[in-house]
Amino acid sequence: MMRALVVTAPGKAEVREVPMPIAAPGQVIVDVERVGVCGTDVELFTGEMSYLHSGASSYPLRPGHEWSGTVRSVGAGVGESWIGRRVTGDTMIGCGDCRRCLAGRHHVCPERHELGIRDGLPGALAERMAFPAAYLHPLPDSVDAVAGAMVEPAGNAQRCVDAADLAAGERLLILGTGTIGLLTAMLARARGLEVHLLGQELEFARSLGFSQSWDVASLPSTTLPSTTLPSTTLPTLSWDAVVDATNAPSMPGLAISLVEPGRRVVHIGLSGTPSMIDTRDAVLKDVTTVGILGASAGLADAIAAFAAGAIDPRPLVAATVGLEEAAAVLSGSRPAGAGPGPKIQINPRIAYGGR
Ligand SMILES: [Zn+2]
Ligand SMILES: [Zn+2]
């Protein structure tokens, strides 16, 4: 038996002893080292996640899709050279033979599993997990377990930077100072873009060197009292592209209103209620809008950026706790002694209190 986190109902999760996974043909068994907790996991825990309402996911479930680990054993049809390799993997597991999968768009396969999110494929919040070898990504020695579990969010961020389609020296505005916003900022800076952030965690963003971080409460359109210092007010500049990495319903429309005509807006944030945009704004400004679902096509580049030292995602990790504290983290509490970063990681192999 092994320990795993099981979410049993909205707001209810517990560590359970469950049977050790056995590798089916095409799968490997991974010793899990780190698992990042993200907004999707929180929504699966609270019951807000849309897949729970559409029937694509149901309780009980085991979350965990931002992970790193070491391959322990392999199933039939998988090369033994995988054993002992340090890995992470794609969240999006396609059927492998539909029209979309064959065209390289497995992340939108209608039959796909999303590890720890959709369609009953148990996630990484356990001591070990079974995972399809075809969706593994090896980690170089220079990418440790902490960074390895940041590859998945960084893959999403990489896709945002790619979709913004900017040349070095052009100006990118990122809405949101959470994990995806900050990783997008880091990758964009590494590409030579002028990066601005609009959000709430300005002090932390500035500590990462993003001096051009602006307070979302300074926007003239908000009804919040104007208590912000002038230095945190979003300047009036030409935004060559805008990425929305927030969960606020008003932000997609704001992104379209701010971007330069003829350029691109990238949507990766999801709000809990419909975010309305007036398509006349997009048409009359000739704006291209792009939606990003998942990290798949960005994973290899994210690993390469980490390995080359182009960016270091580890300052974003505020704390690492054991499985016993996962339910508290999912319900929104910050572990004692947590740093200022937005990401909490779980090490499923340490017991309560880090012992
Ligand atoms: Zn995530
Ligand atoms: Zn498919």
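The values are calculated or read from the model by the stated rules, or taken from the named source; none is laboratory data. On a predicted model such as this, the values are computed, not experimentally measured, just so you know. As a convention, Cβ positions derive from the backbone with ideal geometry for all residues, glycine included, and neighbour counts pool all protein chains shown. The area values use the complete protein model at the heavy-atom level, side chains included, leaving out ligands, DNA and RNA. Shrake-Rupley method; radii C 1.70, N 1.55, O 1.52, S 1.80 Å.
Restricting to the stretch 105-117, name every residue that is in contact (Cβ under 8 Å) with a residue 24 or more places away in the chain and not charged (D, E, K, R). So that I can check it myself, show each step before the final result.
The first filter runs over the stretch 105-117 and keeps only residues in contact (Cβ under 8 Å) with a residue 24 or more places away in the chain, leaving 106-108, 114-117.
Once the filter is applied, which keeps residues that are in contact (Cβ under 8 Å) with a residue 24 or more places away in the chain and not charged (D, E, K, R), the stretch 105-117 yields H106, H107, V108, L115, G116, I117.
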**OP:** Quick one: which helices (runs of 4 or more DSSP H) lie wholly within the stretch 259-355 and hold at least 2 residues that are under 19 Å from T40 (Cβ atoms)?
**Re:** 299-307, 326-330
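Just name the residue that is farthest from Q158 (Cα to Cα) out of those in the stretch 318-334 that are crowded, with 17+ Cβ neighbours inside 10 Å and touching a helix residue (DSSP H, G or I) at 6+ places or on another chain (Cβ under 6 Å). Walk me through how you get there before you give the answer.
Residues of the stretch 318-334 that are crowded, with 17+ Cβ neighbours inside 10 Å, as a first pass: 318-323, 325-327, 329-330.
Still in the list and also touching a helix residue (DSSP H, G or I) at 6+ places or on another chain (Cβ under 6 Å): 322, 330.
Values: G322: 29, L330: 26 Å.
Here the residue is G322.
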Subject >> Hits in the stretch 156-191 - residues which are open to solvent by 40 Å² or more (accessible area, probe 1.4 Å) and either in contact with a strand residue (DSSP E or B) (Cβ under 7 Å, 6 or more places away or on another chain) or more than 16 Å from ligand 1 (Cβ to nearest atom) (or both) >> reply: D162, D165, A167, A168, G169, E170, R171, R189, A190, R191
Original post:
Can you name the strands (runs of 3 or more DSSP E) wholly within the stretch 17-100 that have at least 3 residues being touching a strand residue (DSSP E or B) at 6+ places or on another chain (Cβ under 9 Å) and within 16 Å of ligand 1 (Cβ to nearest atom)?
Top reply: 27-37, 66-74
Original post:
Taking K343, is it surrounded by fewer than 22 Cβ atoms within 10 Å (Cβ to Cβ), at pLDDT 95 or above and touching a strand residue (DSSP E or B) at 6+ places or on another chain (Cβ under 6 Å)?
Top reply: no
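For every residue, the table says whether it meets (1) of a type in the set (K, R); (2) modelled with pLDDT of 85 or more; (3) within 14 Å of L254 (Cα to Cα).
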residue	(1), (2), (3)
R206	yes, yes, no
F210	no, yes, no
W214	no, yes, no
A217	no, no, yes
S221	no, no, yes
T227	no, no, no
T232	no, no, no
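Please tell me if T46 is within 25 Å of T273 (Cα to Cα) and hydroxyl-bearing (S, T, Y). Give the derivation first.
Values: within 25 Å of T273 (Cα to Cα): yes; hydroxyl-bearing (S, T, Y): yes.
In short, yes.
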Subject >> Residues (surrounded by fewer than 15 Cβ atoms within 10 Å (Cβ to Cβ) and closer than 26 Å to V7 by Cβ) located in the stretch 73-107 >> reply: C95
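Go through the stretch 95-114 and count every residue that is under 19 Å from the mean Cα position of the chain (by Cα), of a type outside the set (V, I, T) and farther than 18 Å from A154 by Cα. Even if it seems obvious, please write down each step before you answer.
As a first pass, look at the stretch 95-114 and keep what is under 19 Å from the mean Cα position of the chain (by Cα): 105-108, 112-114.
Pick out the ones that are also of a type outside the set (V, I, T) and you get 105-107, 112-114.
Okay, now just the ones that are also farther than 18 Å from A154 by Cα, so 105-106, 112-113.
Residues in the stretch 95-114 being under 19 Å from the mean Cα position of the chain (by Cα), of a type outside the set (V, I, T) and farther than 18 Å from A154 by Cα: 4 in total.
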Subject >> Unmet requirement for G262, which otherwise passes all of (1) surrounded by fewer than 17 Cβ atoms within 10 Å (Cβ to Cβ); (2) over 19 Å from L172 (Cβ atoms) >> reply: (2)
**OP:** Name the single residue, out of those in the stretch 108-142 being among the hydrophobic types (A, V, I, L, M, F, W, C) and within 16 Å of ligand 2 (Cβ to nearest atom), that is most open to solvent (accessible area, probe 1.4 Å).
**Re:** A134
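Of the residues E48, E66, E80, E33, which single one is among the acidic types (D, E) and at pLDDT below 95? Please lay out each step first, then the result.
Values: E66 fails: at pLDDT below 95; E80 fails: at pLDDT below 95; E33 fails: at pLDDT below 95.
Exactly one residue qualifies, and that residue is E48.
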**OP:** Please list, ordered by first then second residue, the pairs with beta carbon atoms under 6 Å, 6 or more apart or interchain, first in the stretch 85-100 and farther than 17 Å from V35 by Cα and free of Cβ contacts under 8 Å to residues at least 12 places away in the same chain, second away from ligand 1 (no atom under 16 Å from the Cβ) and outside any strand (DSSP E or B).
**Re:** R100/V108; R100/C109
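Sort out which residues of the stretch 192-221 are part of a loop (DSSP other than H, G, I, E, B) and over 19 Å from P315 (Cβ atoms), and write them in order of number. Don't jump to the end; show me each part of the working.
Taking the stretch 192-221 first, the residues part of a loop (DSSP other than H, G, I, E, B) are 192-193, 200-201, 208-212, 219-221.
Within the stretch 192-221, G192, L193, L219, P220, S221 qualify.
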**OP:** Take the residues in the stretch 101-130 that are more than 16 Å from ligand 1 (Cβ to nearest atom) and among the charged types (D, E, K, R), then tell me which one is modelled with the lowest pLDDT.
**Re:** D119
**OP:** For V290, work out the one condition from (1) β-branched (V, I, T); (2) surrounded by 15 or more Cβ atoms within 10 Å (Cβ to Cβ); (3) out of contact with any Cys (no Cβ under 9 Å at 6 or more places or on another chain) it doesn't fulfil.
**Re:** (3)
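Please indicate, with yes or no, whether at least one residue in the stretch 238-249 is assigned to a helix (DSSP H, G or I), modelled with pLDDT of 95 or more, open to solvent by less than 40 Å² (accessible area, probe 1.4 Å) and within 26 Å of V42 (Cβ to Cβ). Quick ask: steps written out before the conclusion?
Quick first cut of the stretch 238-249, residues assigned to a helix (DSSP H, G or I) only: none.
No, the stretch 238-249 contains no residue that is assigned to a helix (DSSP H, G or I), modelled with pLDDT of 95 or more, open to solvent by less than 40 Å² (accessible area, probe 1.4 Å) and within 26 Å of V42 (Cβ to Cβ).
Are any of the residues in the stretch 91-101 of a type outside the set (V, I, T) and at positive phi? Steps first, please.
In the first step, residues of the stretch 91-101 are kept if they are of a type outside the set (V, I, T); the result is 92, 94-101.
Filter again for at positive phi, leaving 96.
Yes: one or more hits.
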